[in-house]
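Here the structure comes first, spelled out in structure tokens, and everything after it is commentary.
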Amino acid sequence: MSNFFSKAEVTSSGRPVLPRNEVECHLLSAVDLEPEDHRHFSLLKSGLLILTTHRLIWLPSSSASTPTSASAIPLAAISHIFSSKKSLKSVFHSPRIRFQVLVSSDGRVFDPGSGSGSSSGSGSRSVVVTAVIRGKGDCDGFLVKFWDSWRARAWETTEISGSGSASASGSGAATGTGGGLYSSDGSVRMVGVAGILRKEQEMWESTDKSLQDAFQDLNALMSKAKEMVMLAEKMRQKLLFGTSSQTSGTNDEDMGSKEEMQDWLLSVGIISPVTKESAGALYHQQLSRQLADFVRIPLERAGGMINLIDAYCLFNRARGTELISPDDMLQACSLWEKFDVPVMLRKFDSGVMVIQNKSHSDEEVFARIKSLVTKPEALRTGISPTDAAMTLGIAPAMAKEHLLTAESKGLLCRDISPDGFRFYINLFPEIDPCNMYFVKDNGICSTWIKAVSTTG
């Protein structure tokens, strides 16, 4: 069987990789994609169907027995969408959405982006594809969004268009202010009950027109907001490229301003945030995957671990107006255990919750803490969470949690004073109960005695 569908790229958490100008619109779970010619084209069984402004993306289920790659159908390749017909037969089987797809001469879906085939020509033909929805989802709502996205033809907009679209200026229905039987436009004025009904109708029509104009302005504003996010992303990429290629010959002030600009542009926003309206029952699953992709860069900058509260603030700031609640954030993080994502939620003994990479090693952190606490000055005065934070390159609150964990493992001892916590290397494991005054020549206790005696 030939590979009928186009391939789609996915992130490490299983989310589709979307271009800057592509936005998710709706999701459906447990969907089969069945071309009408089963003998020559492969079928896609029980996957997640994602509708965007540019494509239909099918993602395989994580519990699938046979590995299947993610596939896509460009909306530009769809020549017709069939209307759903309600019949007695449709009551007893799963909902279906049928649409017609242009196929190139090589037996693949026409993809204008990759240049495979052509939309019209001697070698092209059309194939009817049926999407069978076996899961629970809003099939009618998906079909409406499908029609809207296909008719909008967002894929044809390749560059930022100007905003110089003039609104139609029409004079409203003129109604005379004076008395008499005729209005100002010469028509007979309606009086009595008919006049009241006519006036009510005109008022409703005026209100409806005002609402339409308001929504048009809102849509234009949202479109400009997306364009600004795209522009900020392009600027951030240029800054990152410039920083990597021009590291030499720049002073610290210029580098600091560039890093600050990168941080600001990074937090401008997520172009296509997962919402309850678009994801439906799959909201927390898709939110969990998008969050796993988002925290990758903040984790790299924070040394592999970030406080859950800090991640919540960064994620909500990037989502703009589509804010999530702390419960949604916690539920999304708890779902990482079921997914194959490179991050995890961790809870310390003190109750502090953090997000960390799965590759993060406590033993490596303990080794760096041990090298810090065995320095001569640290042997005499100990270390504070601030000292550990400077060495590990993390926040003092996170450094304190690492020190407390190292204490629970027997690596450190803690001294509590009015000045705060001070942590010292644990010398008790080297003390022999049978000979308490015996000191090993090459032990940590011997190094401590030398450091203390030098001070004294």
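The values are calculated or read from the model by the stated rules, or taken from the named source; none is laboratory data. These numbers were taken from a predicted model, which means no experiment stands behind them. Backbone-built Cβ (ideal geometry, glycine too); neighbour counts: all protein chains shown. Please note that ligands, DNA and RNA were not included when accessible areas were found on the heavy atoms of the full protein model with its side chains. Shrake-Rupley method; radii C 1.70, N 1.55, O 1.52, S 1.80 Å.
What the table below lists for this structure:
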| read-out | value |
| --- | --- |
| Net charge, A131 excluded, C-beta distance under 9 Å - Lys, Arg +1, Asp, Glu -1 | 0 |
| Förster-model FRET efficiency, 45 Å R0, E363 and A152, C-beta, rounded to 0.05 | 0.25 |
| Accessible solvent surface per residue of region 335-437, calculated while the other protein chains remain in place, 1.4 angstrom probe, Å² | 58 Å² |
| M353, M390, reordered so the largest accessible area comes first (probe 1.4 Å) | M390, M353 |
| Accessible area in the full protein assembly, largest first, 1.4 Å probe, for W155, W204 | W204, W155 |
| Difference of contour (0.36 nm per residue) and Cα-Cα distance, S206 to R317 | 36.2 nm |
| Mean separation of Cα contacts under 8 Å (6+ apart) over length of region 279-342, as relative contact order % | 49 percent |
| Where labels lie 7 Å past Cα in the beta-carbon direction, separation of F82 and E300 in nm | 4.7 nm |
| Rounded to the nearest 10 Å², the accessible area of E277 at probe 1.4 Å | 140 Å² |
| In region 327-423, trypsin sites (Lys or Arg not before Pro) in a DSSP loop with at most 16 other beta-carbon atoms within 10 Å | K338, K358, K409 |
